[in-house]
Amino acid sequence: MVEILLNGQKYEARAGETILEVAQRMGIDIPTLCHHPSVKPTGSCRVCLVEFSVRGGSKKLTSSCTYVVEPNMSVETHSERVLKHRRTVLELLQARVPDSPELKKMAKENDVRLDPRFPVMKEDCILCGLCVRVCDEVVGAKAIELNDRGTKLTVGGPFMESPEDCIGCGACVYVCPVNCIKMEQTAETRKIVKWDRELPMRKCETCGYPFMPNFQVLRFKKWADMPGEFFKVCPDCRK
Amino acid sequence: MDFTAVDKIIEGYHGDKTAILAILQDIQVVYNYLPREAMMRVVEKMGVSQTQVSSLATFFHAFSLKPRGKNIVTVCMGTACHVRGAPRVLDEIERQMGVKNQETTADGQFTVETVNCVGACALGPLVMVNGNYHGNIATSEVSEVLDQYRKPAGQA
C-alpha cells in the first residue's frame, strides 16, 4: 500500500497503480481521451495532466494515466496550473479536430475559450493511437499502426495502405474517443471506412443474419484452432 | 525478386524478433532502399506483423522506401552548417544534378538528401557522399567533389 495525498485528502493506493487509476477509484473525475483500461497507457492525448510533488519538492506536470504512484506523493488534479494546461491541450486538439462533438463537449466542460488561437486543421483524428493499441493488445490482429512521425504522423494500415490483416471486428470503431472510425454494414459486406477495408459477410446457416466477416472466421480458426462448424451459425443460434 | 541476399541477412539474426531494425538496415545496405518485396519477406520469415515492419521503416528517416541512386549525396542542414551556407551548397548541388532534394537523377547515379546534423559541426558546411565526409565545402568545390563519384567516361 502506498499512502498519497490526492487534492489534499489522504488515500491508500495499491503499489503499481497509476494516479489516474487511484483517482477514478476514488471518484475524482480526470478527463481522458486515449486511455482505456484494457490496454497499456501511452499518455499521448495529454488531457489527463495532473500536478504532483514528492516530499514537498518542486511541482511537476505529468500525465496521470502513465504515472505510477509513489510514497509521500501529493497530487493536484484540478489546480489552476493543471486546468490552464489542460485547456491549452484541449484548445490544440480542437484546432486539429474542430467538428468532433466529443471534443466540443469536453472543451465546454473545461471552459476552453471559444475563439481558437491556433490554425484550424479540419482533421477528424487526434492521433492518440488507442485504435492501434486495441488492435494489437486486445484483438491481436496488429492490422493498423502509426505511420511516420512528428507532423507527418498518420494512422492506418502498413505503408499507409488498406490493412490486409484487418478482420473487420470494429474494435477500433468502438474505442475511438472522437468517433472518427466509421463502420458501414449491409447484408453482404462490412466496411471500416477509415481503413478502406471492405469484407464480405458470413451469414448464419440457421437464421440468415450476416454475423461476421468471412475473413474474421479464417483468422479465428488460425488463432484459436476452432472447429469449422463453430462459425457456421451466429452466436444467438449457437445456444 | 531474388531473395537470396535478404534470406542470408535474416538467417544471420537467428530469428531474433528484436533485430527487425538491424535486418532492415542490412537490407538497405544491399539495395540502397527498402524494397517492398524484401520487407514482406522479413514479415513472412520472422513471423512479425506487417505493421511492425512498416512502422519502423516509416518512422526512421534513415530508411528510404523509394529506390535511390548509386551514390547518396547528403547535405547537412544542421544549425552550424546552415549559418555557414548549407542552403547555398544544397542549391548548387540541386542545380548541377537537375533534381530537387529527395530526388534521384534520371541516370540513377545520384540521390540528393538533407539531414539535420551529422555531428561534425566544426567542418560545416558539410556534404556527405556515400558516408564520406567533405567538410568546409564551398559552392565552387561542389562539382569537383561530385566528379569523384561520377563513373569515369566509357565505363559501364
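The values are calculated or read from the model by the stated rules, or taken from the named source; none is laboratory data. Model, not experiment: these values are computed from the prediction. Here the Cβ positions follow ideal geometry from the backbone for every residue, glycine too, while neighbour counts run over all protein chains shown.
Structure values in brief
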item: Output for the range A:61-91, where each listed residue is of a type in the set (A, V, I, L, M) and under 18 Å from the mean Cα position of the chain (by Cα); result: A:89, A:90
item: Pairs with Cβ under 9 Å, 6+ apart, first in the range A:166-188 and in contact (Cβ under 8 Å) with a residue 12 or more places away in the chain, second of a type in the set (Lys, Arg) and part of a loop (DSSP other than H, G, I, E, B); result: A:173/A:182
item: Residue A:93 vs. criteria within 14 Å of another protein chain (Cβ to nearest Cβ), touching a residue at least 40 places away in the same chain (Cβ under 8 Å) and over 30 Å from residue A:218 (Cβ atoms); result: no
item: Among the residues listed as A:137, A:145, the single one being over 13 Å from the mean Cα position of the chain (by Cα), modelled with pLDDT of 95 or more and not assigned by TED's automatic domain parsing to the domain that holds residue A:37; result: A:145
item: Residue, surrounded by the most Cβ atoms within 10 Å (Cβ to Cβ), within the range A:99-146, restricted to residues that are of a type in the set (D, E, K, R), out of contact with any helix residue (DSSP H, G or I) (no Cβ under 9 Å at 6 or more places or on another chain) and more than 14 Å from every other protein chain (Cβ to nearest Cβ); result: A:102
item: The range A:147-200 - residue that is at the interface with chain B (Cβ under 10 Å from one of its Cβ atoms) and assigned to a strand (DSSP E or B) and, of those, surrounded by the most Cβ atoms within 10 Å (Cβ to Cβ); result: A:156
item: Residue A:75 in contact (Cβ under 8 Å) with a residue 24 or more places away in the chain, farther than 14 Å from residue A:128 by Cβ and buried (at least 16 other Cβ atoms within 10 Å of the Cβ); result: yes
item: Sole exception among (1) closer than 30 Å to residue A:142 by Cα; (2) of a type in the set (Ser, Thr, Tyr); (3) not assigned by TED's automatic domain parsing to the domain that holds residue B:23 for residue B:49, by number; result: (3)
item: Residue satisfying condition, being closer than 16 Å to residue A:164 by Cβ, more than 12 Å from chain A (Cβ to nearest Cβ) and not basic (Lys, Arg), within set B:11, B:37; result: B:37
